[in-house]
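Note sheet for the following structure.
Any read-out appearing in this document is the output of simple, stated calculations on the displayed coordinates, not a laboratory observation. On a predicted model such as this, the values are computed, not experimentally measured, just so you know. Cβ sites come from the backbone with ideal geometry, for glycine too, and all protein chains shown count toward neighbours.
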Amino acid sequence: MNEGYISVLNDIASKNATPGGGAVAALVLGHSYSLVSMVSRLTIGSEKWIEGHEISNNLIEICDNGILNSIELAENDCNAFNGVMASYKLPKTNESEIS
């Protein structure tokens with residue numbers, strides 16, 4: 001593990017609203033893609049599984065894109081929820097502001 005990964009876990013564990021459940025779900029998706037990619041690379045590395053090489057190559061490409069997408073989803077979730085939290089801090093002094 002590296003400092004970046006530990007930093008993400010510490011951010012999740014913090015009292016801050018983000019990253020929260022949506023971002024964590026997106027990161028779990030990224031982990032899933034990573035594991036499929038790992039198995040695909042192991043498959044390609046073995047002549048025993050030669051019949052799985054073509055699909056494994058396809059899966060690696062899909063997973064590489066999926067990993068990037070999952071990170072983007074996590075960032076989007078944090079940005080969206082930060083917007084929600086900011087809206088809670090808006091003034092509520094009259095009916096127009098309350099609604």
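So here's what we get for this one:
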read-out: Relative counts (whole %) of C-alpha pair distances in the chain, using bins that are 10 Å wide; value: 15, 30, 23, 17, 9, 4, 2, 0
read-out: Net dipole in debye of region 22-74 [+1 Lys, Arg Cβ; -1 Asp, Glu Cβ; about Cα centre; nearest 20]; value: 180 debye
read-out: Given charges at beta-carbon only (K, R positive; D, E negative), |dipole| of the chain in Debye; value: 360 debye
read-out: Ranking of HIS31, HIS53 by count of other Cβ atoms within 10 Å, fewest first; value: HIS31, HIS53
read-out: Fewest-first sequence of TYR5, TYR33 by Cβ atoms within 10 Å of each Cβ; value: TYR5, TYR33
read-out: Cross-link reach list, lysines versus LYS15, counting only Cα pairs under 21 Å and skipping chain neighbours closer than eight places; value: LYS89
read-out: Per-residue Cβ neighbour rank within 10 angstrom, fewest leading, MET85, MET1; value: MET1, MET85
read-out: Virtual paramagnetic centre 7 Å along Cα→Cβ of VAL24, amide N under 18 Å, in region 65-95; value: 71, 73-82
read-out: Dipole of the chain [Lys/Arg +1, Asp/Glu -1 at C-beta], most positive-end residue of ASN2, PRO19, VAL36; value: PRO19
read-out: Cα gyration tensor shape for region 22-74, rounded if a/c is under 1.5, else prolate or oblate; value: prolate
